[in-house]
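Student: Supplied in structure tokens, the structure appears directly below.
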């Protein structure tokens, strides 16, 4: 088995993911766990150190680079962010050493206030590309990239709004009804959101269910189509070239929404760009020279 030379860590959406890399940047082992430290707990990086020690043997003897939400705990301040516009290669100059972990800074903009917290590492993994980048997630990021320089970005709470609306209030899911994703239903509601003359609101999903034009098990798919359609329409136009950084279901849904809008999509794997970014940041920072 190849020897690990680096541990890469990502903490987002309540999950901690860690990978051990060999000298070629190939993942040779990994570990995951739920991760939502309480505000009064030990520092997030101290908790990560304990997790790595228990799950990836030898992690205490090689460099660790981490990105994402790692600012929970006493003395962690308000977060470590670098203002855009900025060249992604400059991230290497701002690594913050905490509890033996080299933390990649997030990016910030001041007006209106916004942050990237982990996505900057995925952008690093894209290299010197230029274009409009869409990174779906619980919070979907839309980034303007020019030859490895982040010019601007904005965030939408699309995934979180979907989860909240289905959890409480008028659109709360009925107990005992299992949701089934249907791409035709999803696309139909994407098209409704793109109808600028008569765009549907989220309440239309409830109304469609009550009048019998939407089956209860398709409520989540319909709301997802409506919200994702609105999300992409707010940031892209027909004919735009969009770099979509996503995997699995998120790639399928955002890819379908962008295609319905009339945008051209170039696909990049979210997990691969993240892993590439972590390894390349460590390499560019000289952490692999020892």
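Student: Give the angle, between 0 and 90 degrees and rounded to the nearest 10, that separates the Cα long axis of helix 158-167 from the longest principal axis of the Cα atoms of the chain.
Tutor: The angle comes out near 60 degrees.
Student: Here's a follow-up. Please arrange 11, 264 by counting, for each residue, the other beta carbons lying within 10 Å of its beta carbon, fewest first.
Tutor: Numbers: 11 27, 264 12.
Fewest-to-most ranking of 11, 264: 264, 11.
Student: Also: Only Cα pairs under 8 Å and at least 6 apart count here; give the relative contact order of the chain as a rounded whole percent. Working shown, then result.
Tutor: Working: 565 pairs, mean separation 46.7, N = 290.
Value for the chain: 16 percent.
Student: Something else now. Could you tell me the calculated FRET efficiency between residue 178 and residue 97, based on Cβ-Cβ distance and R0 = 35 angstrom, to the nearest 0.05?
Tutor: On the way: r = 47 Å, r/R0 = 1.35.
The pair residue 178/residue 97 has a calculated efficiency of 0.15.
Student: Let me have the 222 nm mean residue ellipticity of the chain computed from DSSP H runs of 4+ only, each contributing -39500 (n - 2.57), with the sum over all residues rounded to the nearest 500. Before the final figure, lay out each step's value.
Tutor: Details: 8 runs with 94 residues, N = 290.
So the calculated ellipticity at 222 nm is -10000 deg cm²/dmol.
Student: Taking a point 7 angstrom from the Cα of residue 50 along the C-beta vector, which residues in the range 8-31 have backbone N less than 16 Å away?
Tutor: Flagged as within label range: 16.
Student: If one takes the longest principal axis of the Cα atoms in the chain, at what angle in degrees, from 0 to 90 and to the nearest 10, does the Cα axis of helix 248-261 lie?
Tutor: Roughly 50 degrees, rounded to the nearest 10.
Student: Over the alpha-carbon set of the chain, divide Rg by the Kirkwood Rh and report the Rg/Rh ratio to two decimals. Don't skip to the end; give the middle numbers.
Tutor: Values: Rg = 20.4 Å, Rh = 20.3 Å.
Computed over Cα atoms, the ratio is 1.01.
Student: Further, regarding this structure: Hey, could you pull the Cα Rg and Dmax for the range 158-268, both in Å?
Tutor: According to the Cα coordinates of the range 158-268, Rg and Dmax are 13.8, 42 Å.
Student: Could I have the simple spin-label model distance between residue 213 and residue 146, label points 7 Å from Cα toward Cβ, reported in nm to one decimal?
Tutor: The answer from the label model is 4.5 nm.
Student: What is the distance, in nm, between label points placed 7 Å from the Cα along the Cα-to-Cβ direction at residue 252 and at residue 36?
Tutor: Going by the 7 Å Cα→Cβ label model, 2.6 nm.
Student: Another one. Between residue 163 and residue 3, with labels modelled 7 Å along Cα→Cβ, what's the label distance in nm to one decimal, could you check?
Tutor: 4.1 nm
Student: Relative to the longest principal Cα axis of the chain, at what angle does helix 270-284 sit, 0 to 90 degrees, rounded to 10?
Tutor: Between helix and principal axis, roughly 20 degrees.
Student: Here's a follow-up. DSSP beta bridges in the chain, what fraction antiparallel, as a percent rounded to 5?
Tutor: The antiparallel proportion sits near 65 percent.
Student: Right, something else. Calculate how large, on average over all directions, the projected area of the Cα convex hull of the range 73-143 is; give the answer in nm² to one decimal. Before the final figure, lay out each step's value.
Tutor: Details: hull surface 22.9 nm².
Averaging across all directions leaves 5.7 nm² for the Cα convex hull.
Student: In whole Å and largest first, what semi-axes does the C-alpha gyration tensor of the range 45-179 yield when each eigenvalue is scaled by 5 and square-rooted?
Tutor: On the way: eigenvalues 166, 114, 41 Å².
So the three semi-axes of the range 45-179 are 29, 24, 14 Å.
Student: Any idea what % of Cα-Cα pairs in the range 108-211 are farther than 17 Å? Write out the running numbers ahead of the final one.
Tutor: Numbers: 3537 of 5356 pairs.
Of the Cα pairs, 66 percent sit more than 17 Å apart.
Coordinate-derived values only; no laboratory data. In this text the structure is predicted, and so the values were computed from the model without any measurement. Reconstructed Cβ throughout: ideal geometry from the backbone, glycine too, with neighbour counts over all protein chains shown.
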